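The values are calculated or read from the model by the stated rules, or taken from the named source; none is laboratory data. Remember, it's a predicted structure, so these values are computed and weren't measured experimentally. For neighbour counting, all protein chains shown are included, and Cβ atoms are generated from backbone atoms with ideal geometry for every residue, glycine included. What goes into the accessible areas is simple: the full protein's heavy atoms, side chains included, and nothing from ligands, DNA or RNA. Shrake-Rupley method; radii C 1.70, N 1.55, O 1.52, S 1.80 Å.
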Amino acid sequence: MDPRDLGYPRSDWRQLFAPVRLADLTLLLLLALVVLTGALTAFGVRLFERAVSGLFDFGYTLLPGWLRAAGLPTWLAFLLFPAALGFVHAAVVRLVPPGDRHHAIPLVILSRVRRDGRIRPGTTLLKSLAAILTLGAGGSLGREGPVVLLGAGIGSALGQATRVRASWRNALVTAGAAAAIATAFHAPIAGSFFAMEIVLAPFTARSFALAALSATVAALLSNAMTGQPAFPIPAYAVLDPVQIPLFLGLGLCIAPLSRLYIAAIWGGEEVGRKLGFFPGPWLSRVARGFPGEWLPPALRCALGGVLFGLVGLALPETLGPGIRTIQDALEGRLPLLTLAALLGGKLVAIACTSGGGWTGGTFTPALFLGAMGGGLYGHLAALALPGVAVQPGAYAVVGMAAMIAGATQAPLTALALIFEITRDYRIALPAMVACGVAAVFSQRINPFSVDTLHLPEQGILLPWQLHDLREVKVGEAMAHRVDVVRSDMDLRAVIDLMHQTRHGGYPVVDAAGRLVGMITLKDVRDVPLEGRLATPVTRAMSKNLITVTPDQTVAEAALLMARHDVGRLPVVAADDPTRLVGILSRTDILRAYPTLKREFGSE
């Protein structure tokens, strides 16, 4: 048959029989690197999980036995073990380069957006070790963020070793992230959607195909190594259409729970950060001349370990990822009061872990809270509607998916995960209702997900965020009341001002009120401790001013922050660059987003 009969143009049909070109061979090389990324990620994730399991068993199985044999109370293990690992964790984190001290998934996004897919191999290893210490100590964070960084780091390392171009490195980073989720949950489809919705953001057929290939290879190897899914769940069937409104109600309840979860993570971290940098009034006398923080990172980490250890002493199920407890909830074996206690206890443990500065992900805690919240909703619905709402475990399954959709705002990932776990579309259909409702209402409460909430603070704006911020002027978002430092002050006065206002930086003005510089906590710390308090502000401040005007957009200001790695910008009059009219911080940028502005108002 003539190929022209198949509809090919006369000028193009001969290309079907053209010899293999160099471009085709390079594409085969990319496919080989993607397959290798998937395979190495599968082995790396399984090694990570075994290390966590071994460390956790040592601390909460072997150590209590040794304490009992020595005549000591076993509850000491819940305090001493996480506290000791806290000091080790702090030492490991201190070795991470300052520019890489972001959370795992934001760091992966950062590597794609700004670094052409480059992730330092040392950062990957150090942050993986820190996460092993966190989860092994019983910290209530997740494994998925760290293993996503591990997979992305493997892809990036392969790309850097083979010296491929930037677009290929980015493809390998995305492929590694997809392979990590596929390995953790035996869910290659969910891994592929995760890479598209959260890591990659813009969707293309080619990028999805590469991510799916890597995820499939990883899932196949993972199945060969373990032979069992992460959550073997009974096949729940929702046959009565009357139950569908109940699942819609579940999505409505999970949406605020997802925001409460995000508040527990970031609120705990903010409290811990303030403890580390700003002493209270009762310590102000002691803090004079102290090198800038009264609670060093190691003590902060150990204190966080003691606190989540205390929660674990009362509720052992809150320690670590809690995979077995999730399994019990999904099978409907946990009573109502137990579910309520674990839901509250886990939120407290998450806040303590995050506040201590421990390293971990956000995926597994969301699964835990979703399963507990869904199971609790199912029990309450069964009490209110006997004979209609049955099988609380089914609501736990759907609640888990809805929590992922609400917290990460990635409903496709949540649906794919639930479908691959259950292998049954009958439960996936009501999950579509709950996930859609949870994602929409969670975004309505706050447009940022658990992984993107603080990206603007790190100078990272996703395309949809940047588009919205182009519509907001700096003058609408800035703080008009500005605490300033005078150029004739010394650093003792600046430190006192920091204690009083709890800000990390201030514009410096001269006697005439003209803007002459900026001084931050970092600038103060850069001054040698000996003689620090008497040092004039003019010697420590930065004179290289980066400013904005009220008529510029918040998007422009955010890009300036990212380019110059600063956390706040002085706002000056358009006709006089020395006349200070306000200040714009990273928090102001968050609140400048239209939805958040409606919720919180402007300062």
Please list, ordered by first then second residue, the pairs with beta carbon atoms under 9 Å, 6 or more apart or interchain, first in the range 242-254 and at negative phi and at pLDDT below 90, second open to solvent by less than 20 Å² (accessible area, probe 1.4 Å) and outside any helix (DSSP H, G or I). Gln243/Ala389; Leu246/Ala389
Checked the range 316-332 for anything among the charged types (D, E, K, R) and touching a residue at least 12 places away in the same chain (Cβ under 8 Å); matches are Glu317, Glu331
Any residue in the range 124-133 that is under 18 Å from the mean Cα position of the chain (by Cα), closer than 26 Å to Val164 by Cα and modelled with pLDDT under 85? no
Are any of the residues in the range 555-573 in contact with a Ser or Thr (Cβ under 6 Å, 6 or more places away or on another chain), surrounded by 20 or more Cβ atoms within 10 Å (Cβ to Cβ) and among the β-branched types (Val, Ile, Thr)? yes
Given Ala209, Ala157, Ala215, Ala190, which one is assigned to a helix (DSSP H, G or I), more than 16 Å from Val52 (Cα to Cα) and at pLDDT 85 or above? Ala157
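Let's see how each residue does on (1) in a helix (DSSP H, G or I); (2) modelled with pLDDT under 90:
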site	(1), (2)
Leu16	yes, yes
Val20	no, yes
Leu47	yes, no
Val52	yes, no
Phe56	yes, no
Phe87	yes, no
Quick test of your reading of the structure: Gln391 fulfils all but one of (1) surrounded by fewer than 19 Cβ atoms within 10 Å (Cβ to Cβ); (2) within 26 Å of Phe56 (Cβ to Cβ). Name the failing condition by number. (2)
Tell me whether the range 511-520 contains one or more residues that are under 31 Å from the mean Cα position of the chain (by Cα), open to solvent by 30 Å² or more (accessible area, probe 1.4 Å) and closer than 16 Å to Val485 by Cβ. yes
Across the range 136-189, which residue is farthest from Arg115 (Cα to Cα) among those that are among the polar types (S, T, N, Q) and under 21 Å from the mean Cα position of the chain (by Cα)? Ser140
Which residues, taken from the range 413-447, are touching a helix residue (DSSP H, G or I) at 6+ places or on another chain (Cβ under 7 Å), of a type in the set (A, V, I, L, M) and modelled with pLDDT of 75 or more? Ala414, Leu415, Ala416, Leu417, Ile418, Ala431, Met432, Val433, Ala434, Val437, Ala438, Ala439
Determine, yes or no, whether His454 is at pLDDT below 80 and assigned to a helix (DSSP H, G or I). no
Of the residues Gly138, Gly54, which single one is in contact with a helix residue (DSSP H, G or I) (Cβ under 9 Å, 6 or more places away or on another chain) and surrounded by 24 or more Cβ atoms within 10 Å (Cβ to Cβ)? Gly138
Please state which one of Ala405, Ala341, Ala396 is open to solvent by less than 10 Å² (accessible area, probe 1.4 Å), out of contact with any Pro (no Cβ under 6 Å at 6 or more places or on another chain) and either of a type outside the set (Ser, Thr, Tyr) or farther than 30 Å from Arg300 by Cβ (or both). Ala396
Do you know which of the residues in the range 574-602 that are of a type in the set (Gly, Ala, Ser), modelled with pLDDT under 85 and in contact with an Asp or Glu (Cβ under 8 Å, 6 or more places away or on another chain) is surrounded by the fewest Cβ atoms within 10 Å (Cβ to Cβ)? Ser602
List every residue pair whose Cβ atoms sit under 7 Å apart, with the two residues 6 or more apart in sequence or on different chains, where the first one lies in the range 482-500 and is closer than 19 Å to Lys543 by Cα and the second, anywhere, is open to solvent by less than 40 Å² (accessible area, probe 1.4 Å) and in a loop (DSSP other than H, G, I, E, B). Ser487/Asp510; Asp490/Leu533; Asp490/Thr535; Leu491/Val527; Leu491/Arg532; Leu491/Leu533; Leu491/Thr535
Cβ contacts < 7 Å: first residue closer than 18 Å to Gly375 by Cβ and open to solvent by less than 10 Å² (accessible area, probe 1.4 Å), restricted to the range 419-433; second residue at pLDDT below 70 and of a type in the set (Val, Ile, Thr), any location; separation 6+ or different chain. Result? Ile427/Val238; Pro430/Val238
Subset of the range 264-312 (residues that are open to solvent by 60 Å² or more (accessible area, probe 1.4 Å), at pLDDT below 85 and either charged (D, E, K, R) or within 30 Å of Trp75 (Cα to Cα) (or both)): Glu270, Val271, Arg273, Lys274, Leu275, Arg285, Arg288, Trp294, Pro297
Within the range 134-150, considering residues that are in a helix (DSSP H, G or I) and touching a His at 6+ places or on another chain (Cβ under 8 Å), the one nearest to Gln160 (Cα to Cα): Gly145
For the range 496-510, how many residues meet the condition of being surrounded by fewer than 14 Cβ atoms within 10 Å (Cβ to Cβ) and in contact with a helix residue (DSSP H, G or I) (Cβ under 7 Å, 6 or more places away or on another chain)? 1
So which of Thr359, Thr318 is over 11 Å from Leu141 (Cβ atoms) and not hydrophobic (A, V, I, L, M, F, W, C)? Thr318
